[in-house]
């Protein structure tokens with residue numbers, strides 16, 4: 001399928017560079033919608049009066065027609081399977097190819113046995129803060145990347161009202177959805 005992924009943010013290019021560097025880089029172009037501030041986001045109807053844009057996905061075909069729109073909460077992780085299914089629906093060749101390809105059996109790993117399990121993604125700012133916090137307090141933990149482990153992503157959705165919210169923690173059986181240092185201090189018994 002001939003596709004091009006582009007990221008767009010209302011932040012300056014310097015800010016975007018710092019962000020991508022903090023993630024170890026990304027493999028698609030990231031564009032700045034900084035000046036005039038949020039103009040592209042405004043044109044697509046996803047610019048907020050507070051000065052930032054919604055998290056949104058647009059699929060635009062070669063004729064420049066918007067074929068798919070997904071706008072959701074900034075804390076919500078979009079479901080890649082939904083997007084891939086939409087792309088396949090729009091491209092009959094891709095849909096036919098996917099129907100022919102035998103899909104390998106999905107191997108789902110059980111939840112790791114550890115006192116602290118952090119469900120995260122590599123790019124999540126809250127996950128980065130949580131890692132630093134756990135390191136600073138010398139707390140050992142197991143990290144599960146929900147962008148790679150879709151069974152774990154479903155587990156998180158079950159805890160987070162259907163959202164893939166990261167970070168989400170399972171601390172000795174107590175689930176904490178989203179990064180909340182106060183809750184972590186309380187649950188871990190940090191003085």
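Table: residues versus (1) surrounded by 10 or more Cβ atoms within 10 Å (Cβ to Cβ); (2) modelled with pLDDT under 70.
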position: 62; (1), (2): no, no
position: 77; (1), (2): yes, yes
position: 87; (1), (2): yes, no
position: 94; (1), (2): yes, yes
position: 99; (1), (2): no, yes
position: 105; (1), (2): no, yes
Restrict the check to segment 67-74 and report whether at least one residue is outside the structural domain of residue 167 (by TED's automatic domain parsing) and touching a residue at least 24 places away in the same chain (Cβ under 8 Å).
yes
If I go through segment 38-66 residue by residue, how many of them are over 18 Å from the mean Cα position of the chain (by Cα) and either in contact (Cβ under 8 Å) with a residue 40 or more places away in the chain or farther than 24 Å from residue 123 by Cα (or both)?
14
Looking only at segment 22-31, decide whether some residue is under 29 Å from residue 152 (Cβ atoms) and assigned to a helix (DSSP H, G or I).
yes
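The values are calculated or read from the model by the stated rules, or taken from the named source; none is laboratory data. All of these numbers come straight from a predicted model, not from anything done at the bench. Cβ coordinates were reconstructed from backbone atoms using ideal geometry, including for glycine residues, and neighbour counts include every protein chain displayed.
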